[in-house]
1. Which percent of the accessible area of the protein assembly as shown is formed by carbon and sulfur heavy atoms (probe 1.4 angstrom)?
2. Please give the contour-minus-distance gain from A:Arg402 to A:Glu506: 0.36 nm per residue of separation, less the Cα-Cα distance, rounded to one decimal in nm.
3. Using a 1.4 Å probe, how large is the accessible area of B:Asp381, given in Å² and rounded to the nearest 10?
4. Expressed as cubic angstrom per residue, what is the convex hull volume of the alpha carbon set of chain B?
5. Can you list which of the chymotrypsin sites (Phe, Trp or Tyr not before Pro) found in region A:280-315 are DSSP loop residues with at most 15 other C-beta atoms within 10 Å?
6. In square nanometres and to one decimal, what's the mean projected area of the convex hull around the Cα atoms of chain A?
7. What net charge do the residues around A:Thr32 carry, taking every other residue with its C-beta under 14 Å from that of A:Thr32, with Lys and Arg at +1 and Asp and Glu at -1?
8. Out of all DSSP beta bridges with both ends in the protein assembly as shown, state the antiparallel percent to the nearest 5.
Amino acid sequence: MSGLGIDASFLDLPFRHLADVALGRAADLGVTHADFRFERVRYQDLHVRDGSLLGTQDSSDVGFAVRVVHGGAWGFASGVVLTEDEARHVAERAVEVARVAAAMTTVPVELADEPVYPDVSWTSPYEIDPLEVPVAEKVALLVDFTERLRAHDVVGHATAGLRQVRENKFYADLAGTRTTQQRVRLMPEVTAMGADAERGIFDSMTSIAPPVGRGWEYLVGRPDAGGWDWDAELAEMPDLLAEKLRAPSVEAGTYDLVIHPSNLWLTIHESIGHATELDRALGYEANYAGTSFATYDQLGSLRYGSPVMNVTGDRTAPHGLASIGWDDEGVATQSWDIVKDGVLVGYQLDRVMGRQKLELNDGRSNGCAYADSPGHIPIQRMANVSLQPDPDGPSTEGLIERVERGIYVVGDKSWSIDMQRYNFQFTGQRFYKIEDGRLAGQLRDVAYQATTTDFWGSMEAVGGPETYVLGGAFNCGKAQPGQVASVSHGCPTALFRGVRILNTGEEAGK
Amino acid sequence: MTTSPTPQELVERALAASRSDDAVVIVRTTSSANLRWANNTLTTNGEMSGVQVSVLAFDRRADGVAVGSVTSAASDLAQVLALVELADTAARAADVADDAADLVDGVAAPDWAEPPARTSIGVYDAVAPALGTAFGTAGGGGRVLYGFVDHEVATVYVGSTTGLRLRHVQPTGHWACTAKPTSLDQSAWVGGATRDFADVDPVAFEAELTRRLGWGSRRVDLPAGRYDTVLPPTSTADLMIYLLWISGALDAHDGQSVWSRPGGGTRVGEQVAAPGVRLHSAPAYPGLEAVPFVHTTASSETSSVFDNGLPIVPTDWIRDGVLTSLLTSRHSARVTDLPVNPAPDNLVLDVAGGAGTTEDLVAGTERGLLVTSLWYIRVVDPQSMLLTGLTRDGVYLVEGGEITGLVTNFRFNESPVELLNRFSHAGATELSFSREWGDYFSRTATPALRIPDFNMSSVSQAQ
């Protein structure tokens, strides 16, 4: 699968020569492993508020990194000066860091084997590079979005933002692998804000269009050709906001939930995606992002959820935000099972973990190493972790019809989960009361709270393929120094029985 | 052999090359080194350096000023001149900016000609061997350590066609360590900020972690509910940083934050916290020295590219319980009719009469909880500033002024605004380090607070 081909201005950069110099110097210093990563990541951010451009920013991160194993310890260094001298110097610094680290490294670093890919390339599928579209055209579209919303009396203020990214990477290692890759992603977000003066409340309604690994066609293309139906979404947002402002406050208690993919993707991200990162389960993130309840000793036995729960890890999904050809350790990316029929059967791995757990994936990494910039060391990051639909499953309406007293949840908003991924609490954009299998208007002040295995154990049914949506995020944080990663999560609409609902106003003591 | 141009040369050449009516150039050099460990062994370690150049081009027209902003890693003149070209082009293509204002005037600061400051892996010359000792002690005692030390020295140079030549060196360091017994059935955490690591002793913090794990020899299960709760300065910092971040004047003025006055306008001038509460920032605050001028590459609700070089002055956000200031650029200050108060890089909470330490507040608690660490804090409801989050790495039962056991973790739902009204006791303000946000906002000074009815919404099984 390919997009527009790798940007010629990236190919003109001297990364191959710098790689040869840096890897050569590392080899001279006696390393047992060395890899070189050269990146250019371009960002453009546009921000419109109430029909006016608030700000634009073009930025790029360009540089290279050398990572070595020397004396059984990791060493890493990076720089931005693109000269032979600097490549040599950065390699020397990486070895020096490893020397300092070796005295405190009690478990020698070993990497899982991986075939050598001598000179390969990959580009993500998209039609129009958003960074090549004139800024004025993009700003005009966002201004139009906010003006359409503000044409309605209920909308006091409207904002629109667009982040665009084009990421180029070159990877080389002493084993002989050379990969050159390019991918494009973008994240639009539109919000309408309003107030009900009589009730003394304000609220907002944000678009549910997910961030995607697509080009500009996502904003202006036909819905049947990968474009989002912005006309439809913008047209309904003011009325949805007005209804939300008028809606009654929820009565706290236990409800059945039908959760739309625009909300469920985030619950998957937090309670499955992070929980099945093997580095967390092994303690590597214990000081910061946390560990996992899904410990390795429970592989093959942990009842993660109900039998209708099937979750895959996939770094090859078309338009996925975590999709790539080879990861940042030169591993060809893959797809695999994480939860099968409700039981934990797999983890996300990098090469260190693949070596430690030889019984997983035949002792091979499944391609989950990623660094968000040339200045950061690759760590195990999330694949596109997705809940699979039931091939014969019902529509969203069919799931709602099964509920006597419940709530239908659409869109994400607030999220929080504990450091072992047990206890979570989420809100959303819209909560609809379900009475006798039918929607009965919106509710306000709703949050759902559960324990991960209880929640997924309560999943009675998943929708059919026509309910499946690939959601995701640009801002998944992890590691020290902190890194962010983009990741997609696909899922169908799903039905959960007996979930705790909080009234957020009561939680605030009102 | 060629040498790389200095940051000052990059600034001057970029300003000279710009064909726009005005330009601002920001060069930020960084140098950092870190060590990370888990399971009593080092994991990922590194030493990084970078030079980031931002060129802001201003195109003046009859109907206003348009801005082009381009930032990139760059280290030679050709790269910087390419950035200038991109910024000039972007400015010509842009619409006029709403926040247009006169650029800040200035002259060269006395230290303008000084080179960038740097750090290296050598900053850990004393810490690294002590860390090795701590690993040995912990391993021998049936404990496992996980942690991180990071030191960064950033030097920022700001130059403009209106004469501004400013330089600031910002050392930022922090350390944190989590300990668990080999059974992994409990956890303790300590951490702090530092400017140079001269004051960080891994042997000492390993001993403190051992002491805390010892408190877990007795386990107590408690249900969700409201508890008399002692928050140490680190947890107070977690909540106050969020309070600062949501204090944008424009959002408040537009009726979208807890600082919005029902019916329009902001709550500036209202009593929003208990008398004696003072939340403030000052670039020169001892131990929390922070950049004293604006340097920003993009305009937002709380910042403006036209304000580059504007002094960040000491500001009271809340004084004697009264909301006195909100985050403003010159533009949003005009819109909201409030004083200009750019975003600071430090934050201090003082409570009049506050005295003593966390331990002193614990000693005065008949029955309650000591929460040592908060985590995953997010806004649930912006209108009430309701936050949710969790305790982690050590919640302890206090009985008769003594710590008597380890309690399960909880999810909380609370508003920091409410807490500043409801606390019953406050300690003395001390330098602190936010558990969740300290990696990004490390310059805080806060007291321990005792909250009589902290809302623990549900139990978390996490250990």
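1. Answer for the protein assembly as shown is 51 percent, counting heavy atoms of protein chains only.
2. So the chain would gain 34.5 nm between A:Arg402 and A:Glu506.
3. That residue has around 40 Å² of solvent-accessible surface.
4. Taking the convex hull of the Cα positions in chain B, it is 150 Å³ per residue.
5. Those that pass, being in a loop and sparsely packed, number zero.
6. On the way: hull surface 95.2 nm².
That works out to 23.8 nm², a quarter of the Cα hull's surface.
7. -1
8. Working: 225 of 248 bridges.
Of the beta bridges lying entirely in the protein assembly as shown, close to 90 percent run antiparallel.
The values are calculated or read from the model by the stated rules, or taken from the named source; none is laboratory data. The structure presented is a predicted model; accordingly, all values stated were derived computationally and were not measured. As a convention, Cβ positions derive from the backbone with ideal geometry for all residues, glycine included, and neighbour counts pool all protein chains shown. Heads up: the accessible areas ignore ligands, DNA and RNA and are worked out on the full protein's heavy atoms, side chains in. Shrake-Rupley method; radii C 1.70, N 1.55, O 1.52, S 1.80 Å.
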